[in-house]
Amino acid sequence: MKSLLLAGQVLSLMAKVIVAFFLFRAYKVSGRLSSFHLGVGWVISAIVVLMDVLRMEAFVVVFYALFSSILFYGSLLFLIEEGQIAFKRPWILGLTPFFGAFYGPLLGNTWESRVGIPYGIAAFYVFLAGIMISSTERNFPTARNAGIALALFGLHEMDYPVLRGVEWFAPIGFTLGAILTVLSAYLMARMVLSERFIRKKPKITVEPGIRLITSDDYRNVIESLKEYPVLAFLRKPVEFPTWTVYMITAVGGEMKVHPTNLPRISELVSRYLKEASSRGITGVVVLDGLEFLVTYNGLQPVLKFLATLRDMAFVNNALLVVVLDEGSWDERERAMLRRIFE
């Protein structure tokens, strides 16, 4: 039985190290900070298994609490990256599982107080992280699946204080944990790579460039791109199945971006262009509602924002289309815009 237990522990340890490797690789590809922190979390989770093999209970509790905190923080970062939540200091919430783990020892010196309760609290936050991720936008099924798998992993980890001492269940528990680890982290790696903008390779080709067009030309342009996997930020919706459309609006909700959240738009464009480049196609970004952005942010911040998008398009050999209502701009402002797009 001990050999089965050790085999289960080794399987769990290897699974978590492999998973961390793929999450770090996803971070290198996508640039998401959430992926990096999730990878760190799984490395620490592997250390938890090692501490359990060595029967170092105190370290098991401390490292598992640290794993839970970093995983929870990484999940918060992912939701912030997706525009689902907004926190100025998410690391504060990330500390909650770690400090919660020290509540148990205050209740006594039994195994349940020293290990069981702290472990259970930390595992609950793993479960909660999965629930949070699974609540993401409906058009992001990979994230939902990853969240569900992580929630199941957290539920399984919550049985550790109850079943760890049951000799016949221990090897089963570690094996099940390894399976759930691989499943949840594989889906998390796919999630942070954000392969959701381009569902299939387009049949038509598009020439890269920077285009500043008038609202009169807008209809003709979008009609020519209606079958292309475009990333668009619009004031009015369009019914093109191949497009990924975010509405620029002060009203919150799914697939909506607040006009003051220019960094969010830049981050989405960056991820989309990286995905397009990796798949060997020309990325196309359409931005309509420039005047609305200026109303909320002022002219200079929007000009800097447009310069950033221009540089992204150049670097990634993409097409950037910005719609301009000429009647809303004076000659000096139009000249400044043209200089950016020259």
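Would you confirm whether or not the stretch 143-152 contains a residue that is at pLDDT below 80, open to solvent by 30 Å² or more (accessible area, probe 1.4 Å) and touching a helix residue (DSSP H, G or I) at 6+ places or on another chain (Cβ under 7 Å)?
no
Can you say whether Lys274 is crowded, with 18+ Cβ neighbours inside 10 Å, in contact with a Ser or Thr (Cβ under 9 Å, 6 or more places away or on another chain), basic (Lys, Arg) and closer than 29 Å to Tyr27 by Cβ, as far as the supplied structure shows?
yes
If Ser75 satisfies every condition in (1) touching a residue at least 40 places away in the same chain (Cβ under 8 Å); (2) farther than 27 Å from Ser134 by Cβ but one, which is the exception?
(2)
Go through the residues of the stretch 8-17 one by one and say whether even a single one is farther than 18 Å from Leu183 by Cα, in a helix (DSSP H, G or I) and modelled with pLDDT under 75.
Among the residues of the stretch 8-17, not one is farther than 18 Å from Leu183 by Cα, in a helix (DSSP H, G or I) and modelled with pLDDT under 75, which makes the answer no.
From the set of residues in the stretch 202-254 that are acidic (Asp, Glu) and in a helix (DSSP H, G or I), which is least open to solvent (accessible area, probe 1.4 Å)?
Asp217
May I ask you to list the residues in the stretch 102-125 that are open to solvent by less than 50 Å² (accessible area, probe 1.4 Å) and at pLDDT 80 or above?
Selection gives Pro118, Tyr119, Gly120, Ile121, Ala122, Ala123, Tyr125.
Gly280 passes all but one of (1) open to solvent by less than 30 Å² (accessible area, probe 1.4 Å); (2) closer than 15 Å to Val230 by Cα; which number fails?
(1)
Find all pairs meeting these conditions: Cβ atoms under 6 angstrom apart; at least six residues apart or on different chains; first residue within the stretch 264-288 and free of Cβ contacts under 8 Å to residues at least 60 places away in the same chain and more than 17 Å from Val302 (Cβ to Cβ); second residue part of a helix (DSSP H, G or I) and open to solvent by 20 Å² or more (accessible area, probe 1.4 Å).
Between residues of the stretch 264-288 that are free of Cβ contacts under 8 Å to residues at least 60 places away in the same chain and more than 17 Å from Val302 (Cβ to Cβ) and residues that are part of a helix (DSSP H, G or I) and open to solvent by 20 Å² or more (accessible area, probe 1.4 Å), the close pairs are Leu273/Met312.
Checking Val294 against (1) among the β-branched types (Val, Ile, Thr); (2) open to solvent by less than 40 Å² (accessible area, probe 1.4 Å); (3) assigned to a loop (DSSP other than H, G, I, E, B), which test does it fail?
Result: Val294 fails condition (3) only.
Take the stretch 44-58 and flag every residue that is free of Cβ contacts under 8 Å to residues at least 12 places away in the same chain and either charged (D, E, K, R) or closer than 18 Å to Phe102 by Cα (or both).
Once the filter is applied, which keeps residues that are free of Cβ contacts under 8 Å to residues at least 12 places away in the same chain and either charged (D, E, K, R) or closer than 18 Å to Phe102 by Cα (or both), the stretch 44-58 yields Arg55, Met56.
State all residues of the stretch 60-101 that are open to solvent by 10 Å² or more (accessible area, probe 1.4 Å) and not in a helix (DSSP H, G or I); if no residue qualifies, say none.
Across the stretch 60-101, the qualifying residues are Gly83, Gln84, Ile85, Ala86, Phe87, Lys88, Arg89, Leu95.
Being at pLDDT below 85 and within 15 Å of Arg235 (Cα to Cα) is the filter here, so list the residues in the stretch 251-265 that pass it.
If the condition is that a residue be at pLDDT below 85 and within 15 Å of Arg235 (Cα to Cα), then Val251, Gly252, Gly253, Glu254, Met255, Lys256 are the ones that fit.
Which one is surrounded by the most Cβ atoms within 10 Å (Cβ to Cβ), of the residues in the stretch 29-52 that are at pLDDT below 80 and over 19 Å from Tyr73 (Cα atoms)?
Selected residue: Asp52.
What's the number of the only condition in (1) farther than 25 Å from Lys236 by Cβ; (2) of a type in the set (D, E, K, R); (3) surrounded by 12 or more Cβ atoms within 10 Å (Cβ to Cβ) that Glu331 fails to meet?
Failing condition for Glu331: (3).
Restricting the first residue to the stretch 291-307 and requiring it to be without any contact (Cβ under 8 Å) to a residue 24 or more places away in the chain, which pairs with a second residue that is among the aliphatic types (A, V, I, L, M) meet a Cβ separation below 8 Å and a spacing of at least six or different chains?
Qualifying pairs under 8 Å: Val294/Val302.
The values are calculated or read from the model by the stated rules, or taken from the named source; none is laboratory data. Since this is a predicted model, take the numbers as computed values, not measurements. Positions of Cβ are generated from backbone atoms using ideal geometry, with glycine treated the same way; all protein chains shown enter the neighbour counts. Ligands, DNA and RNA are stripped out before the accessible areas are found, and what is left, the full protein with its side chains, is counted by its heavy atoms. Shrake-Rupley method; radii C 1.70, N 1.55, O 1.52, S 1.80 Å.
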